[in-house]
Amino acid sequence: MPQQFVEDYTMLYQGKWQQNWNPYQKTGDNGDFVRQTSQFRSQVTHDGRDYGFKAEPGRYHLYLAKICPWASRTLMARALLGLEDVISVSFVEPFLTDKGWRFGNYPGAGPDPLHNFQHVHELYTHADAQVTGRATVPILWDKQRDTLVNNESADILKMLNSVFAPLGTRPINLRPEPQLNELDALNDDLYHRLNNGVYRAGFAKSQTAYDAAVDDVFSALDDMEVRLNQRRFLLGENLTEADIRLFVTLVRFDAAYHGLFKCNRRTLASYANLSHYLERIYQLPGIAETVDLDHIKAGYYSVKALNPTGIIPTGPELNWRAAS
Ligand SMILES: N[C@@H](CCC(=O)N[C@@H](CS)C(=O)NCC(=O)O)C(=O)O
């Protein structure tokens with residue numbers, strides 16, 4: 001979560017919006033970023049058992065930001081499973097304001113279609129008037145009960161692939177049973193070294209923390225490059241959840257993490273296997289539409305703590321449409 005706001009960040013405390021207040025967002029002893037945990041963890045089930053949220057077409061909505069890799073995971077899974085007509089979606093503007101994510105008219109963003117709220121934090125207090133925590137995306141929203149179901153992308157991914165998948169048009173399994181242990185271990189590793197590693201590099205408060213994060217990032221990229229010597233996807237011939245998790249970081253790498261987050265030992269473009277893999281996934285049906293480089297660049301480069309002038313670099317030139 002845009003750990004960008006390690007210093008002057010914003011959040012809800014007992015239902016009230018707070019600016020420049022930092023009770024939860026910690027920096028570790030080494031100056032490294034410590035990520036908060038998500039607070040809404042209800043599950044949608046086949047029959048509504050346990051939480052009262054039943055998987056039904058048209059009932060749920062995803063509130064997302066296209067800049068956000070965690071939100072983009074869920075958008076990718078929705079496309080891969082053919083759930084576009086089952087779960088509706090809307091996008092906030094790419095900049096985090098002093099009131100957090102904002103709905104608006106920035107190209108590729110839009111209003112809150114359900115309540116016409118101005119900011120994402122209003123969704124949180126609508127669901128729980130006493131909520132404490134950051135107002136993050138993604139959000140899985142139940143239109144029927146008009147409440148927030150879950151704000152943890154890892155949970156949402158699993159729900160899309162389990163209870164929602166039978167409602168979709170593309171019968172694929174992103175979490176194949178025989179490979180679950182390997183998949184979850186890889187997901188975990190990717191999260192620590194790469195998905196969150198780039199943020200640990202970008203928002204490091206000490207040279208030591210930065211050095212360690214960058215080592216993690218490039219050791220992970222090196223390992224994945226080798227892994228892809230023999231495979232189309234990380235676990236073999238079929239795309240799984242691990243590929244979604246890797247893709248969302250790769251697609252932001254040269255545009256944002258290489259420059260702004262100082263992950264500049266190498267460009268992603270210099271990795272042959274990873275570049276072909278990125279193109280291969282980008283060219284799958286519905287995936288290019290989940291990637292908005294304008295939102296990615298405008299959003300990341302608007303982080304004042306890292307880029308006080310707000311100038312957005314013109315490059316790099318990226319073209320994943322090229323045949324792989
Ligand atoms: N654990 C969450 C993290 C989501 C997250 O960090 N989202 C960021 C955007 S990339 C956010 O909304 N940040 C707003 C804030 O921290 O105030 C998930 O994976 O769903």
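What percentage of the solvent-accessible surface of the chain, computed with a 1.4 Å probe over protein heavy atoms, is contributed by carbon and sulfur atoms?
47
Which distance in nm do the two modelled labels at residue 231 and residue 205 give, with both placed 7 Å along the Cα-to-Cβ direction?
The two pseudo-label positions are separated by 3.7 nm.
Each label point is 7 Å from the Cα along the Cα-to-Cβ direction; what then is the distance between the points at residue 90 and residue 116, in nm?
1.1
Over the chain, with the other protein chains present, what is the accessible area per residue in square angstrom, probe 1.4 angstrom?
I get 43 Å² per residue for the chain.
How far is it, in nm, from the label point at residue 126 to the one at residue 146 when both lie 7 Å from their Cα along the line to the Cβ?
0.8
With both partners inside the chain, how many of the DSSP beta bridges are antiparallel, as a percent to the nearest 5?
In the chain, DSSP labels about 75 percent of beta bridges as antiparallel.
How much net charge surrounds residue 121 when only other residues with a Cβ under 15 Å from its Cβ are counted (Lys, Arg +1; Asp, Glu -1)?
Working: positive: 16, 99, 102, 134; negative: 93, 98, 112, 122, 128.
Result for the local shell: -1.
Can you tell me the order of 212-221, 299-308 when each peptide is scored by its average per-residue count of other Cβ atoms within 10 angstrom, highest first?
Per-residue mean Cβ counts within 10 Å order the peptides as 212-221, 299-308.
Please report the equivalent ellipsoid semi-axes of the chain, computed as sqrt(5 x eigenvalue) of the Cα gyration tensor, largest first, in whole Å.
28, 26, 18
For residue 172 and residue 262, what does the FRET efficiency come to when R0 = 41 Å and r is the distance between their Cβ atoms, rounded to the nearest 0.05?
Efficiency at R0 = 41 Å is approximately 0.65.
Per residue, how big is the convex hull around the C-alpha atoms of segment 246-320? Give it to me in cubic angstrom, could you?
Details: hull volume 6.4 nm³, N = 75.
Here the figure is 85 Å³ per residue.
The values are calculated or read from the model by the stated rules, or taken from the named source; none is laboratory data. Owing to the predicted nature of the structure, the values given are computational and were not obtained by experimental measurement. Using ideal geometry, Cβ is built from the backbone for each residue, glycine included, and neighbour counts are taken over all protein chains shown. Only protein heavy atoms, including side chains, enter the accessible area calculation; ligands, DNA and RNA are left aside. Shrake-Rupley method; radii C 1.70, N 1.55, O 1.52, S 1.80 Å.
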